[in-house]
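Take a look at the structure below.
The values are calculated or read from the model by the stated rules, or taken from the named source; none is laboratory data. All figures in this text were calculated on a predicted structure; none of them were measured in a lab. Because the Cβ atoms are built from the backbone with ideal geometry, glycine has one as well, and the counts that use them run over all protein chains shown.
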Amino acid sequence: MTADPVAARPPRGLFVGLATVDVVQRVEGLPGPDEKVVSSRADVSAGGPASNAAVTFAALGGDTTLLTVVGGGPLAAVVHADLAEHGVALRDVGDDAAHRPALSSVTVVDATGERSVVSRNAEGVAVDPPPDLADLVAGADVVLLDGHHPRLAVAAAAAARERGVPVVLDAGSWKPVLADLLPLVTAVICSAAFRLPDGRVPDGALLAGGPELVAVSAGAGPLRWWRPDGSGEVLVPAVRARDTLGAGDVLHGAYAFAVAAGLDLVQALGPAVAVASHRVGHVGPRSWLSDPLLPTLVPPTLIPPTLFREEPR
């Protein structure tokens with residue numbers, strides 16, 4: 001019997017959103033006003049929600065493309081090198097003369113793993129979708145958006161909806177473009193800090209806007225989910241949090257991988273939670289990728305059913 005070529009190839013993901021350069025300092029405590037502290041460790045890598053999710057997708061074995069704005073200058077070389085090293089194909093629609101990657105300053109507290117971030121993100125950057133966007137979307141099994149670069153996000157979501165490609169929305173914080181994106185996406189995964197414009201905490205009411213699944217993470221607490229036929233939660237494994245930087249991005253990237261591999265929208269939450277929990281147990285933005293345990297976290301046969309609690313309709 002001839003093998004199915006689709007089943008034989010790796011999952012393919014298109015990630016649309018922010019690329020930054022992250023400078024990460026690990027400290028015993030945050031400095032006060034006019035105070036200087038010496039870090040115990042420093043790391044420099046590409047960052048941004050879509051970029052970190054793309055690195056995760058690639059680490060799990062996916063064929064990964066990141067559509068973003070990088071541009072030129074010395075910092076652009078950092079983004080190119082880091083993404084290439086971690087198996088992410090970069091589709092840069094920036095202009096070398098006009099655009100530069102945003103620089104993010106990140107501080108991680110050694111005792112708790114909690115991080116603080118200061119960044120310009122994509123403020124003041126407006127670019128049009130590339131002419132081959134439809135081909136990029138058609139070649140993907142899943143599209144992930146982080147809401148940065150709104151024109152790219154809306155165009156990619158519309159193209160995916162037209163072609164039946166599932167779209168995952170990383171809702172870290174409310175952005176005006178989300179009003180346009182919610183009717184176009186398949187699954188929305190919100191952070192614990194996410195609030196709607198009227199201050200409400202997201203829940204199953206967001207399903208009325210169009211998504212088939214809404215989920216809300218809560219750090220070490222259970223991840224809650226809703227879909228039209230029910231709701232429930234996924235328990236988070238107990239781990240010692242060494243570094244929470246990018247944990248949400250990792251959750252989204254692993255979720256996108258599981259969806260692209262064919263898992264149900266709810267069942268895909270299991271490996272996503274497992275991979276994000278794995279990430280926070282490691283120090284540094286990329287050290288967790290080399291842990292041999294990582295590849296064992298995604299196959300659906302290894303998803304612990306005890307993680308799921310489904311509530312009756």
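Structure summary
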| read-out | value |
| --- | --- |
| The range 124-159, subset in a helix (DSSP H, G or I) and of a type outside the set (A, V, I, L, M), residue surrounded by the most Cβ atoms within 10 Å (Cβ to Cβ) | PRO150 |
| Strands (runs of 3 or more DSSP E) contained in the range 12-63 and holding at least 2 residues of a type outside the set (Gly, Ala, Ser), farther than 24 Å from ALA157 by Cα and over 13 Å from the mean Cα position of the chain (by Cα) | 20-27, 41-47 |
| Residue list for the range 263-282, filter: closer than 14 Å to PHE57 by Cα and not in a helix (DSSP H, G or I) | ALA268 |
| Test result for LEU181, surrounded by 15 or more Cβ atoms within 10 Å (Cβ to Cβ), under 29 Å from VAL106 (Cα atoms) and in contact with a Leu (Cβ under 9 Å, 6 or more places away or on another chain) | yes |
| Test set (1) surrounded by 21 or more Cβ atoms within 10 Å (Cβ to Cβ); (2) more than 23 Å from GLY47 (Cα to Cα); (3) of a type in the set (Asp, Glu) - ASP170 fails condition number | (2) |
| Residue match in the range 213-234 (condition: in contact with a strand residue (DSSP E or B) (Cβ under 6 Å, 6 or more places away or on another chain) and assigned to a loop (DSSP other than H, G, I, E, B)) | no |
| Qualifying residues in the range 69-78 (those that are of a type outside the set (Gly, Ala, Ser) and part of a helix (DSSP H, G or I)) - the one farthest from ALA58 (Cα to Cα) | PRO74 |
| Candidate set: the range 79-113, residues that are in a strand (DSSP E or B), modelled with pLDDT of 95 or more and not basic (Lys, Arg); chosen: the one surrounded by the most Cβ atoms within 10 Å (Cβ to Cβ) | VAL88 |
| Breaking point among (1) acidic (Asp, Glu); (2) within 16 Å of the chain's Cα centre (by Cα); (3) modelled with pLDDT under 95, for ASP146 | (3) |
| Odd one out for ALA98, checked against (1) touching a helix residue (DSSP H, G or I) at 6+ places or on another chain (Cβ under 9 Å); (2) small (Gly, Ala, Ser); (3) farther than 19 Å from ALA155 by Cα | (1) |
| Residue identified as more than 20 Å from VAL168 (Cβ to Cβ) and in contact with a strand residue (DSSP E or B) (Cβ under 6 Å, 6 or more places away or on another chain) among VAL88, VAL93, VAL117 | VAL117 |
| Matching residues, the range 228-244, being crowded, with 17+ Cβ neighbours inside 10 Å and out of contact with any Gly (no Cβ under 8 Å at 6 or more places or on another chain) | GLY232, GLU233 |
| Only one of VAL154, VAL167 that is modelled with pLDDT of 95 or more and under 22 Å from ALA58 (Cα atoms) | VAL167 |
| Pairs with Cβ under 8 Å, 6+ apart, first in the range 216-227 and within 16 Å of ALA193 (Cβ to Cβ), second outside any strand (DSSP E or B) and acidic (Asp, Glu) | VAL216/ASP203; ARG224/ASP203 |
| Top-ranked residue of the range 228-286 - restricted to ones that are of a type in the set (Val, Ile, Thr) and without any contact (Cβ under 8 Å) to a residue 60 or more places away in the chain, ranked as farthest from GLY164 (Cα to Cα) | VAL239 |
| The lone exception for ASP243 - which of (1) of a type in the set (Asp, Glu); (2) within 18 Å of PHE57 (Cα to Cα); (3) in a loop (DSSP other than H, G, I, E, B) it fails | (2) |
